[in-house]
Amino acid sequence: MNFIRANYLFIWPSLLFTVLVFNQSWVPGMFHDGTLYSALGKNAALYGHWLVPKMSDTYYSQFFEHPPLISISLGILFKIFGVSWTTSRLFNLFFGLASLFMIWKYCLRFHNSRVAQFAIVLFTMCFPIIRICRFPNMDMAIVLFSIICFYFYKLSVETGKVHFIPLGISFGIALSFKGHASFFIPLIICIDYASSNQFSYKKTLLYFCGFLLGLLIFSIWPISLYLTNNFHGFNYWFERQFISTVVKGRDNEESNFFGYILILLRGSIFLVIPTIYLFRNKFNLKKYRFLLVWILGILIPYSFMKFKLGHYIAPIYPALCISSAIVIIESFEFAPYRFNQFLKYITAIISIILLCFPLTSRIRRDKDLIKILDYINTEKFMQKNLILNEGSYALWNFANLVSFMTEKNPVVKKIDENEKGLVISKEKSLFNHRPIYSFNSLKLFLLE
């Protein structure tokens with residue numbers, strides 16, 4: 001009860017966030033990375049592939065693209081709640097709400113309740129965050145644990161006592177989700193610490209111990225791989241994620257240095273403009289230095305990456321929301337209680353509207369393949385091989401969906417007339433066989 005009283009102003013924004021993110025969560029189809037991680041989590045839960053994730057015998061029989069913490073986390077959720085699209089989306093709902101709560105706590109501690117309330121409302125209204133939270137991924141986990149790291153760093157600055165253990169643990173968990181993508185955390189802390197007037201050898205050593213603790217937590221993964229004769233997976237991960245993705249851009253020659261700036265302008269202009277306005281004078285540059293370091297410490301290093309995706313810079317949004325909230329409360333007077341009442345009515349209205357007129361009640365992504373997979377996911381076809389006629393569908397989408405939605409191994413190859421089993425193709429007929437089922441452009445053939 002005391003917790004509810006202390007965080008009363010947090011309740012309605014969090015409910016609104018839940019409504020927006022979890023609306024129609026059972027509808028099949030999501031961004032293909034989310035389906036991939038869901039398939040890995042399912043196989044961890046059902047077949048025990050925890051340390052070395054596996055998608056199928058023929059596609060990603062050993063998955064080393066990322067550390068296994070995301071598949072372990074999803075596997076635990078599937079163990080508890082069962083394998084479903086809803087459970088899969090529950091993963092990032094948790095990290096989204098936890099991030100919302102940490103923004104709330106951060107602002108209450110280092111700003112005030114008015115900034116806290118507006119910051120979480122802006123975070124709730126941030127479309128890129130809502131979109132990211134609609135499928136399981138590692139980026140929202142990085143958002144959460146980066147905020148926790150920054151909270152304990154700021155607490156250390158405020159109290160003079162370095163909280164290196166919780167800082168190190170949070171950094172280690174962030175590393176264990178996405179590896180090198182979490183190195184912006186020590187970078188931001190080191191830049192802000194070096195520019196402060198609180199430098200001392202003791203504090204420096206303690207911060208170093210915190211980051212070392214994070215690296216030790218992360219090292220559990222490669223050590224475990226080494227002990228189980230799977231260390232080649234760590235070498236693959238390093239080459240694939242650091243050399244191939246960061247340095248070479250996955251052979252993408254058209255890398256735009258200003259790509260992330262354009263992404264922010266297109267999707268979050270309502271946060272970018274107030275943030276620029278906040279740092280227009282030297283007084284605010286000094287007063288809110290850490291927020292500026294937080295933003296630039298993500299934006300600049302990530303801009304040098306050759307391979308760019310919008311959700312990679314998700315950890316920048318909390319800082320943009322806090323900066324924008326500061327501008328709003330300094331520019332306008334408002335009563336927190338009345339604003340909270342307004343949020344209560346808005347949450348109720350949006351909930352009713354989405355219940356009556358849901359935005360996502362129909363399958364919008366991969367609907368052809370999902371309909372066909374629903375059709376064949378019965379005992380009648382349980383023992384049949386499932387093959388995709390090469391060129392009929394994107395390889396990764398097909399493999400991810402088949403692994404998550406069925407018990408079959410996805411195979412993609414060019415079909416010959418001696419093939420046996422179920423074949424998904426765009427052809428109108430296949431070796432004089434007529435389709436047994438079709439949905440839009442895709443056809444299902446039974447070759448025996």
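The values are calculated or read from the model by the stated rules, or taken from the named source; none is laboratory data. Remember, it's a predicted structure, so these values are computed and weren't measured experimentally. Backbone-built Cβ (ideal geometry, glycine too); neighbour counts: all protein chains shown.
Sub-6 Å Cβ pairs linking a first residue in region 385-405 that is farther than 15 Å from residue 41 by Cα to a second residue that is at pLDDT 80 or above and among the β-branched types (Val, Ile, Thr), at least 6 apart or interchain, are 387/423; 388/424; 389/423, ordered by first then second residue. Counting only residues that are part of a loop (DSSP other than H, G, I, E, B), among the aliphatic types (A, V, I, L, M) and at pLDDT 80 or above, region 415-448 holds 1 of them. All told, residue 131 meets the bar of being at pLDDT below 95, touching a His at 6+ places or on another chain (Cβ under 9 Å), basic (Lys, Arg) and over 30 Å from residue 232 (Cα atoms). Close Cβ contacts (under 6 Å, 6 or more residues apart or on different chains) running from residues in region 128-155 that are without any contact (Cβ under 8 Å) to a residue 60 or more places away in the chain and surrounded by fewer than 22 Cβ atoms within 10 Å (Cβ to Cβ) to residues that are hydroxyl-bearing (Ser, Thr, Tyr) and not in a loop (DSSP other than H, G, I, E, B) comprise 151/106. Applying the criterion of being surrounded by 14 or more Cβ atoms within 10 Å (Cβ to Cβ) and more than 39 Å from the chain's Cα centre (by Cα) to the residues of region 408-431, the residue that is farthest from residue 59 (Cα to Cα) is 430. Within region 177-188, the set of residues being in contact with a Gly (Cβ under 9 Å, 6 or more places away or on another chain) and either buried (at least 16 other Cβ atoms within 10 Å of the Cβ) or not in a helix (DSSP H, G or I) (or both) comprises 182, 184, 185, 186, 188.
When region 190-238 is limited to residues that are of a type in the set (D, E, K, R) and surrounded by 13 or more Cβ atoms within 10 Å (Cβ to Cβ), the one that is nearest to residue 64 (Cα to Cα) turns out to be 192. Against the numbered list (1) farther than 19 Å from residue 220 by Cα; (2) assigned to a helix (DSSP H, G or I), residue 60 comes up short only at (2).
Residue-by-condition table, conditions (1) over 20 Å from residue 198 (Cβ atoms); (2) β-branched (Val, Ile, Thr); (3) not in a loop (DSSP other than H, G, I, E, B):
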{"position": "137", "(1), (2), (3)": "yes, no, no"}
{"position": "146", "(1), (2), (3)": "yes, no, yes"}
{"position": "156", "(1), (2), (3)": "no, no, yes"}
{"position": "167", "(1), (2), (3)": "no, no, yes"}
{"position": "170", "(1), (2), (3)": "yes, no, yes"}
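Contact map, region 268-281: first residue on the phi > 0 side of the Ramachandran plot, second residue surrounded by 17 or more Cβ atoms within 10 Å (Cβ to Cβ) and part of a loop (DSSP other than H, G, I, E, B), Cβ cut-off under 7 Å, separation 6 or more or different chains; the map is empty.
Please pick out the residue among 300, 295 that is under 19 Å from residue 142 (Cβ atoms), surrounded by fewer than 18 Cβ atoms within 10 Å (Cβ to Cβ) and either at pLDDT 80 or above or not hydrophobic (A, V, I, L, M, F, W, C) (or both).
Working: 295 fails: surrounded by fewer than 18 Cβ atoms within 10 Å (Cβ to Cβ).
Exactly one residue qualifies, and that residue is 300.
Tally up the residues in region 43-68 that are surrounded by fewer than 20 Cβ atoms within 10 Å (Cβ to Cβ) and in contact (Cβ under 8 Å) with a residue 40 or more places away in the chain, please. Residues in region 43-68 being surrounded by fewer than 20 Cβ atoms within 10 Å (Cβ to Cβ) and in contact (Cβ under 8 Å) with a residue 40 or more places away in the chain: 7 in total.
Kindly establish whether residue 22 is buried (at least 21 other Cβ atoms within 10 Å of the Cβ) and in contact with a Leu (Cβ under 7 Å, 6 or more places away or on another chain). No.
I need the full set of residues from region 408-437 which are of a type in the set (Ser, Thr, Tyr) and in contact (Cβ under 8 Å) with a residue 40 or more places away in the chain, in order please. Outline the logic, then answer.
Initially, region 408-437 is screened for residues of a type in the set (Ser, Thr, Tyr), giving 425, 429, 437.
Selection gives 437 alone.
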